[in-house]
Amino acid sequence: MTVPGNLFILSAPSGAGKSSLINALLKQDNQASARPMQVSVSHTTRDIRPGENNGEHYHFVDVSEFKQLISQNAFYEYAEVFGNYYGTSEAAIDAQLALGIDVFLDIDWQGAQQVRMKKPSVTTVFISPPSKEELEKRLRGRGQDSDEIIAGRMAAAQAECSHYNEFDYVIVNDDFNQALVDLTTIVNNQRLKCRQQAIAQQALFSKLLANNEVEAAE
């Protein structure tokens, strides 16, 4: 019997290092573990950009198709951001979980609230920067944004961080290697829970219990 995958949500303000942590986790885990992991591919109505592939980076659909999916209650969560829709397909996620794949949703606190309502068993993780000063340093280090945009990102980060206490776990990404260890520990913790091990080790426990029954009979 296939052990169902675990669903994880990772949320963080821009600049906290969430994407780097997810990429590092997937790289190390898929090399060392028999259980696959992947980041969910969302649906979006925004235009495809150079270098992007449909079905790999996003599932690109038009607005009418997206709204039809909304009417069918097809999303775990969805939102409109700067005139474009983004959503997480419930059927696609459930199919991956049924195959034993651990799935990560890279969404904000609002999306996390929506998913929790539909799937209370989801494991939620908030990635926090070590300080406002370090977050601003990271944002400026990208060298891509104006002072005005950075100020906006900092305000958005503060709003995002105000919801940290809604999550199951909080990781402060001060030292990247330690943050990766912390995230790996959370994933392993979910895999070792009784409901998972009862399926994964079904044959083992059947034999252990059978032996006990024989000894009791004797």
Worksheet entry | Ser64, sole failed condition from (1) surrounded by 14 or more Cβ atoms within 10 Å (Cβ to Cβ); (2) among the small types (Gly, Ala, Ser); (3) out of contact with any Lys or Arg (no Cβ under 6 Å at 6 or more places or on another chain); (4) at pLDDT 95 or above | (1)
Worksheet item: From the list Asn84, Asn73, Asn54, which residue is touching a Lys or Arg at 6+ places or on another chain (Cβ under 6 Å), surrounded by fewer than 19 Cβ atoms within 10 Å (Cβ to Cβ) and not charged (D, E, K, R)?
Response: Asn84
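Select from segment 77-122 the residues that are of a type in the set (Val, Ile, Thr) and in contact (Cβ under 8 Å) with a residue 12 or more places away in the chain and list them in ascending order. Working first, answer last.
Residues of segment 77-122 of a type in the set (Val, Ile, Thr): 81, 88, 93, 101, 103, 107, 115, 122.
Correct list: Thr88, Ile93, Ile101, Val103, Ile107, Val115, Val122.
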Practice prompt. Count, please, the residues in segment 17-40 that happen to be surrounded by 17 or more Cβ atoms within 10 Å (Cβ to Cβ) and either hydroxyl-bearing (Ser, Thr, Tyr) or touching a His at 6+ places or on another chain (Cβ under 8 Å) (or both).
Written response: 1
Discussion item. Looking only at segment 1-16, how many residues end up being among the β-branched types (Val, Ile, Thr) and either buried (at least 23 other Cβ atoms within 10 Å of the Cβ) or assigned to a strand (DSSP E or B) (or both)?
Written reply: 1
Response to the item:
Pairing a residue in segment 123-152 that is under 30 Å from Asp168 (Cα atoms) with any residue that is in a helix (DSSP H, G or I) and among the polar types (S, T, N, Q), where Cβ atoms lie under 7 Å and the two sit 6 or more apart in sequence or on different chains, gives Thr123/Gln190
Fill in: segment 8-23 residues that are over 17 Å from Ala151 (Cα atoms), paired with ones that are of a type in the set (Asp, Glu) (beta carbon under 6 Å, 6 or more apart)
Leu10/Asp106; Ser11/Asp108
Worksheet item: Which members of segment 118-164 meet the condition of being in a helix (DSSP H, G or I), under 30 Å from Ala74 (Cβ atoms) and touching a strand residue (DSSP E or B) at 6+ places or on another chain (Cβ under 9 Å)?
Response: Lys118, Glu160, Tyr164
Practice prompt. For segment 62-107, name all the residues that are more than 29 Å from Val187 (Cα to Cα) and of a type in the set (Asp, Glu).
Written response: Asp62, Glu65, Glu80
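Using the structure shown, decide if Arg142 is surrounded by fewer than 13 Cβ atoms within 10 Å (Cβ to Cβ), basic (Lys, Arg) and within 16 Å of Lys18 (Cα to Cα).
Working: surrounded by fewer than 13 Cβ atoms within 10 Å (Cβ to Cβ): yes; basic (Lys, Arg): yes; within 16 Å of Lys18 (Cα to Cα): yes.
Considered against the rule, which asks whether it is surrounded by fewer than 13 Cβ atoms within 10 Å (Cβ to Cβ), basic (Lys, Arg) and within 16 Å of Lys18 (Cα to Cα), Arg142 comes out as yes.
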Fill in: Residues being of a type in the set (D, E, K, R), surrounded by 13 or more Cβ atoms within 10 Å (Cβ to Cβ) and closer than 19 Å to Pro130 by Cα - total across segment 155-199
5
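In segment 188-206, how many residues are part of a helix (DSSP H, G or I), more than 17 Å from Val125 (Cβ to Cβ) and free of Cβ contacts under 8 Å to residues at least 24 places away in the same chain? Write out each step before concluding.
In the first step, residues of segment 188-206 are kept if they are part of a helix (DSSP H, G or I); the result is 188-191, 194-200, 202-206.
Then drop every residue that is not more than 17 Å from Val125 (Cβ to Cβ), which leaves 194-200, 202-206.
Applying the additional criterion that residues be free of Cβ contacts under 8 Å to residues at least 24 places away in the same chain yields 194-195, 197-198, 203-206.
Residues meeting the conditions: 8.
The values are calculated or read from the model by the stated rules, or taken from the named source; none is laboratory data. Since this is a predicted model, take the numbers as computed values, not measurements. Because the Cβ atoms are built from the backbone with ideal geometry, glycine has one as well, and the counts that use them run over all protein chains shown.
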